[in-house]
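Read the structure below first, then the notes.
The values are calculated or read from the model by the stated rules, or taken from the named source; none is laboratory data. Source: prediction; values computed, not measured. Cβ placement follows ideal geometry from the backbone for every residue including glycine, while neighbour counts extend to all protein chains displayed.
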Amino acid sequence: MTSILFVCHGNICRSPMAEFVMKDMARKCGIEHEMYVESAATSTEELGNDIHYGTRAKLTEQGIPFSRRRARQISPDDYDRFDCIIVMDGSNLRNLRSIIPSDPDGKIHKLLDFTPRQGDDIADPWYTGDFDLTYNDIAEGCAGLLDFLSKSKISY
């Protein structure tokens with residue numbers, strides 16, 4: 001089983017969107033029982049809060065099922081618990097380094113690194129208000145990640 005942890009700043013917009021998009025893609029591919037997907041924050045600002053209403057609206061519009069959840073912060077133990085730790089932007093990556101200082105197993109990546117747009121960031125809709133753009137970028141990144149996993153040593 002492949003385990004994936006999506007990470008953003010507050011764990012209410014981008015990372016839960018990626019979590020539920022990836023779960024939906026896995027379900028549609030018939031591999032949902034071969035993947036474990038969660039999401040977390042680098043900050044403590046939104047701990048305990050549910051998904052942002054804009055993310056809920058976008059997932060509903062796309063017909064992607066989701067459930068109530070509580071934002072949580074990533075911990076050093078998550079490095080051992082997950083095969084892949086996927087951040088949304090460079091700021092998340094820098095903040096993650098204060099919690100998980102090293103990546104000896106090469107588990108930490110930006111989501112768009114699995115697309116031709118390597119190095120690009122997924123804009124935070126908390127600031128932009130553009131949940132459509134964020135969704136499109138996340139869907140592209142998740143499809144690329146799913147393709148990468150199907151071709152890599154990480155089995156699902």
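Quick check: is even one residue across region 120-133 small (Gly, Ala, Ser), without any contact (Cβ under 8 Å) to a residue 24 or more places away in the chain and loosely packed, with under 14 Cβ neighbours inside 10 Å?
The answer is no; no qualifying residue exists.
State all residues of region 91-118 that are touching a Lys or Arg at 6+ places or on another chain (Cβ under 7 Å) and of a type in the set (Gly, Ala, Ser); if no residue qualifies, say none.
none
Tell me whether region 118-135 contains one or more residues that are in a helix (DSSP H, G or I), more than 18 Å from residue 16 (Cβ to Cβ), modelled with pLDDT under 95 and of a type in the set (S, T, N, Q).
The answer is no; no qualifying residue exists.
Would you confirm whether or not region 137-144 contains a residue that is among the hydrophobic types (A, V, I, L, M, F, W, C), surrounded by 13 or more Cβ atoms within 10 Å (Cβ to Cβ), at pLDDT 95 or above and within 19 Å of residue 10 (Cβ to Cβ)?
The answer is yes; a qualifying residue exists.
Results for (1) of a type in the set (Lys, Arg); (2) loosely packed, with under 13 Cβ neighbours inside 10 Å, shown as yes or no for each residue.
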| site | (1), (2) |
| --- | --- |
| 4 | no, no |
| 72 | yes, no |
| 76 | no, yes |
| 82 | no, no |
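For region 6-23, enumerate the residues that are closer than 12 Å to residue 72 by Cα and crowded, with 24+ Cβ neighbours inside 10 Å.
Passing the criteria: 6, 7, 8, 11, 12, 15, 16.
Can you pull out the residues in region 60-88 that are in contact with a helix residue (DSSP H, G or I) (Cβ under 9 Å, 6 or more places away or on another chain) and touching a residue at least 60 places away in the same chain (Cβ under 8 Å)?
62, 71, 73, 74, 78, 83, 84, 85, 86, 87, 88 - these are the residues of region 60-88 that are in contact with a helix residue (DSSP H, G or I) (Cβ under 9 Å, 6 or more places away or on another chain) and touching a residue at least 60 places away in the same chain (Cβ under 8 Å).
Hey, residue 147 hits all of (1) out of contact with any helix residue (DSSP H, G or I) (no Cβ under 7 Å at 6 or more places or on another chain); (2) at pLDDT 95 or above but one; which does it fall short on?
Residue 147 satisfies every listed condition except (2).
If residue 61 satisfies all but one of (1) surrounded by fewer than 20 Cβ atoms within 10 Å (Cβ to Cβ); (2) under 16 Å from the mean Cα position of the chain (by Cα), what's the number of the condition it fails?
Going through (1) surrounded by fewer than 20 Cβ atoms within 10 Å (Cβ to Cβ); (2) under 16 Å from the mean Cα position of the chain (by Cα) one by one, residue 61 breaks only (2).
Which pairs turn up if I take residues in region 95-113 that are within 11 Å of residue 76 (Cα to Cα) and look for partners that are buried (at least 19 other Cβ atoms within 10 Å of the Cβ) and of a type in the set (Ser, Thr, Tyr) with beta carbon separation below 6 Å, at least 6 apart in sequence or on another chain?
Cβ pairs passing all conditions: 96/42; 100/79.
Got a number for residues in region 94-115 being surrounded by fewer than 18 Cβ atoms within 10 Å (Cβ to Cβ) and outside any loop (DSSP other than H, G, I, E, B)?
5
Collect the residues in region 18-53 that are more than 20 Å from residue 92 (Cα to Cα), touching a residue at least 24 places away in the same chain (Cβ under 8 Å) and of a type in the set (Gly, Ala, Ser), keeping them in residue-number order.
26
Sort out which residues of region 32-55 are hydrophobic (A, V, I, L, M, F, W, C) and within 19 Å of residue 131 (Cα to Cα), and write them in order of number.
Correct list: 40, 41, 51.
Please go through region 11-51 and pick out each residue that is under 18 Å from residue 87 (Cα atoms), of a type in the set (S, T, N, Q) and not in a strand (DSSP E or B).
11, 15, 42, 43, 44
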